[in-house]
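Below: the structure, in structure tokens.
What follows is calculated from the coordinates using simple rules that are stated; it is not laboratory data. Source: prediction; values computed, not measured. A quick note on method: Cβ atoms are made from the backbone with ideal geometry, for glycine too, and the neighbour counts reach across all protein chains shown.
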Amino acid sequence: MAHARIRHDVLDSPAWRALPFSARALYSDLRRKLNSYNNGNLECTPVDMSHRGWRSKTTLYQALAQLELMGFIAKTRQGGKGSLSKCCSLFRFTDLPCYEHPKQGLAACKATLDWRAFTTVADAEAAIDRLAAKTAAGRKKSKGQKMSLSGPEFVRQPPFAGPNSGLQPISGDQNLAT
């Protein structure tokens, strides 16, 4: 029977205690994908994670960014639209050694234990708050015109008037907004 190990010093760390529950759940789901040779070659795409119950891309990407910021995982290959590549990003757990993956162009490395950089829960929470503020500021706001829901340019569509509905179709020159 297989199992996923999580070190006690990870669970007891200030960085772990500051993580939101969605990031902790993603850590567990990624840890489930880990075997004895694929650390560094772990993908976390919305399609792949949908099989583990992840429905929201936004929540998935936020949790991934939080895990990376806190030092529990590290990116081994940049993928996606930002890198102008059709390959997905790959990740490694920082508490385990990473073996060489020549096919993906990944070199071997030792465990770096990056989450230990946070010595207090307050420091870790402040880092997560800064990430949340940066993410909120980076969202694009709609700069289009506001659509008026009244006036001559807005004509509401009539409900479906099927043969048995008892409703009469409305001609196109009638305005329902008034």
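Annotation: peptides 27-36, 52-61, ranked by per-residue average of other Cβ atoms within 10 Å with the highest first, follow the order 27-36, 52-61. Taking 7 Å steps out from each Cα toward its Cβ at Ser28 and Thr45 produces label points 2.6 nm apart. Extension gain, Lys75 to Val121: 0.36 nm times the residue separation minus the Cα-Cα distance gives 14.2 nm. Note on Ala111 and Leu84: their simple-model spin labels are 3.9 nm apart, each label 7 Å out from Cα toward Cβ.
Pairs of alpha-carbon atoms within less than 8 angstrom and 6+ residues apart define the contacts here; what relative contact order does region 8-138 have, in percent?
Details: 184 pairs, mean separation 39.5, N = 131.
Taking the mean separation of contacting Cα pairs over the length of region 8-138, I get 30 percent.
Please report, to two decimal places, log10 I(q)/I(0) for region 69-130 at q = 0.14, 0.30 Å⁻¹ as given by the Debye formula with identical point scatterers on the Cα atoms and no solvent. Calculated log10 I(q)/I(0) at the listed q: -0.52, -1.16. In this rough spin-label picture, where each label sits 7 Å from Cα along the Cβ direction, the Arg130-Ser36 distance is 4.1 nm.
How much length is gained on full extension from Ala137 to Arg5, taking 0.36 nm per residue of separation minus their Cα-Cα distance? Numbers along the way, then the final one.
Details: separation 132, 0.36 × 132 = 47.52 nm, distance 3.66 nm.
Value of the extension gain: 43.9 nm.
Full extension of the chain between Arg17 and Tyr99 yields a length gain of 26.6 nm, computed as 0.36 nm times the residue separation minus the alpha carbon distance.
Each 10 Å bin from 0 upward holds the following percent of the Cα-Cα pairs of region 13-96: 17, 54, 27, 1.
Please arrange Ser85, Ser13 by counting, for each residue, the other beta carbons lying within 10 Å of its beta carbon, fewest first. Could you put the intermediate results ahead of the total?
On the way: Ser85 12, Ser13 23.
Result, fewest neighbours first: Ser85, Ser13.
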